[in-house]
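The values are calculated or read from the model by the stated rules, or taken from the named source; none is laboratory data. No experiment lies behind these values; they were computed from the predicted model shown. Note that each Cβ is placed from the backbone with ideal geometry, even for glycine, and that neighbours are counted across all protein chains shown. All accessible areas refer to the heavy atoms of the entire protein, side chains included, with ligands and DNA or RNA removed. Shrake-Rupley method; radii C 1.70, N 1.55, O 1.52, S 1.80 Å.
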Amino acid sequence: MESQPVAGSLTRPCIKCRAQEATLDSRSQTVCRDCFAKFISNKCIKQIGILGKEIRTPQGSTRRYLLGLSLGVSSTVLLHLLSENVEFQLARSRAAPFELTVVYVDSSCLFTPRSPDDSDEDKPDPITAETLEQLRQRYPRFTFQRVPLATALGLRTIDWSTIPGLTAAPSPSPSQTTRLLSLFDHLPSAAARADILHILTRHLLVSSAQTAGCHALLLGHSTTALAELTLSETAKGRGFALPWQINDGPLSVASYPASVPPASLLVYHPLRDILRKELAIYTALTSPPLTPASPSHGAGNNGSIEMTPRPGVVVSHKDVSIDDVMFRYFAEIEGNYPSVVANVARTTGKLLRLLGGGEADGEPKQGLCGLCGLCGMPRDEVGDRRWRGELGIGEGEKGGGLCYGCERSTRG
């Protein structure tokens with residue numbers, strides 16, 4: 001029988017268990033690999049437990065969640081942690097705490113060159129298809145789905161009449177990818193293209209969760225990603241809607257034409273208390289490592305696919321989106337001043353929603369005038385009017401059912 005190392009024989013014992021050599025630095029503490037992995041797992045499962053208390057299911061039924069998978073580090077780690085939680089419960093002869101559907105929104109059509117006579121619009125990227133198959137084999141208890149981005153043009157959760165030069169088809173058709181590419185070609189900037197891509201991806205995840213009858217949508221935003229989202233959405237002109245985008249809770253989902261009241265769906269971020277650099281470390285601690293399942297191309301920092309690459313040297317600032325700028329900024333801040341990143345996310349988390357907590361039956365207050373027809377977030381009528389006045393835009397020139405941020409993304 002092997003003897004366990006004692007603290008006195010260790011060069012640098014783990015500050016938590018005192019039984020193993022500390023090989024990692026975790027928030028000013030030196031810890032071993034096992035304690036670090038447990039720390040990450042506990043942070044996630046704590047949030048899942050909070051979500052479970054929010055959902056009341058009939059006796060004998062199971063909670064159903066949908067996970068938005070970007071194939072990036074954060075969402076892949078979240079998938080693994082959820083699988084560990086299920087296996088842990090089943091190993092103790094307990095029922096699975098939830099059923100999970102994993103949805104990947106495939107936007108490869110925006111980056112893959114296609115010939116004019118290419119009729120196979122739903123053809124997945126080979127690397128993406130291989131990665132998804134690896135995940136299916138590794139996590140057989142979960143259901144995986146790939147949703148082409150072009151199917152967003154058939155959603156009723158977007159008011160397509162508010163988008164210049166585009167009308168929605170009632171269902172996906174052979175020309176959907178061509179119409180999607182045309183939409184992105186007419187957007188005014190790289191920042192606008194990244195913004196609309198993020199919005200369409202979110203709509204598809206929400207719609208998939210509703211169609212599957214899920215109780216909640218889980219997004220893999222880390223503390224770092226939430227901080228990035230806070231500043232980027234504020235810069236785009238959606239600062240008013242931050243409580244609905246950053247905080248956990250119910251989200252109102254409209255349907256157009258607006259013949260029925262908005263539905264409601266819970267949206268949660270189980271990794272909100274973990275930094276991105278901590279998740280990157282965790283990928284190497286699993287067996288086998290998670291890194292091969294997270295391709296470096298295409299994985300977005302905010303749970304979507306990036307419109308522009310992240311080269312070491314910026315050739316033209318016109319090709320860099322606001323999201324890219326925030327990613328680079330917080331990548332530097334996170335390394336040297338992680339508390340600053342956490343403070344941004346925590347401060348935003350204290351903001352209150354003005355629609356009765358975000359429920360679908362909440363009454364508008366303080367200038368709110370319904371939901372934006374594109375991003376689906378609450379609009380601030382007073383704030384949007386002030387923005388237009390400062391920019392010299394007349395009341396009748398732009399607007400309709402869009403918030404200020406979506407006006408700028410679609411019209412420039």
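Based on what the data block shows, is GLN89 more than 22 Å from the chain's Cα centre (by Cα) and without any contact (Cβ under 8 Å) to a residue 12 or more places away in the chain? Give the steps one after another, and end with the answer.
Details: more than 22 Å from the chain's Cα centre (by Cα): yes; without any contact (Cβ under 8 Å) to a residue 12 or more places away in the chain: yes.
Taking the combined requirement at face value, the residue satisfies it.
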- Would you check if there is a residue in region 192-213 being within 22 Å of LEU79 (Cα to Cα) and in a loop (DSSP other than H, G, I, E, B)? yes
- Item | Restricting region 52-101 to residues that are under 23 Å from ARG136 (Cβ atoms) and acidic (Asp, Glu), the residue that is surrounded by the fewest Cβ atoms within 10 Å (Cβ to Cβ) | GLU87
- Item | Condition check for ARG193: touching a residue at least 60 places away in the same chain (Cβ under 8 Å), farther than 29 Å from ARG411 by Cα, open to solvent by 30 Å² or more (accessible area, probe 1.4 Å) and assigned by TED's automatic domain parsing to the domain that holds ASN336 | no
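Looking for something at pLDDT 50 or above, in contact with a Cys (Cβ under 9 Å, 6 or more places away or on another chain) and in a loop (DSSP other than H, G, I, E, B) - is there at least one such residue anywhere in region 275-292?
Going through region 275-292, the residues at pLDDT 50 or above turn out to be 275-291.
Next, from what is left, pick out any that are in contact with a Cys (Cβ under 9 Å, 6 or more places away or on another chain): none.
The answer is no; no qualifying residue exists.
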- Message: Tell me yes or no: at least one residue of region 12-29 is touching a Pro at 6+ places or on another chain (Cβ under 9 Å), open to solvent by less than 80 Å² (accessible area, probe 1.4 Å) and in the same structural domain as GLN210 (by TED's automatic domain parsing).
- Response: no
- region 34-83, residues that are over 21 Å from the mean Cα position of the chain (by Cα) and among the aromatic types (Phe, Trp, Tyr): PHE36, PHE39
- Query: Which of the residues that make up region 30-50 are in contact with a Pro (Cβ under 9 Å, 6 or more places away or on another chain) and either among the hydroxyl-bearing types (Ser, Thr, Tyr) or more than 20 Å from PRO270 (Cα to Cα) (or both)?
  - Reply: THR30, CYS32
- Task: Give the residue, chosen from VAL340, VAL313, VAL325, VAL344, that is modelled with pLDDT under 90, of a type outside the set (Gly, Ala, Ser) and either part of a helix (DSSP H, G or I) or more than 20 Å from SER74 (Cα to Cα) (or both).
- Result: VAL313
- Among (1) on the phi < 0 side of the Ramachandran plot; (2) at pLDDT 90 or above, GLN176 falls short only on (2)
- Can ALA216 be described as in contact with a Gly (Cβ under 8 Å, 6 or more places away or on another chain) and of a type in the set (A, V, I, L, M)? no
- All positions within region 252-272 that are under 14 Å from the mean Cα position of the chain (by Cα) and open to solvent by 10 Å² or more (accessible area, probe 1.4 Å): LEU266, TYR268, ARG272
- Message: Out of THR143, THR112, THR151, I need the residue that is hydroxyl-bearing (Ser, Thr, Tyr), at pLDDT below 95, in the same structural domain as HIS203 (by TED's automatic domain parsing) and closer than 21 Å to SER208 by Cα. Which one?
- Response: THR151
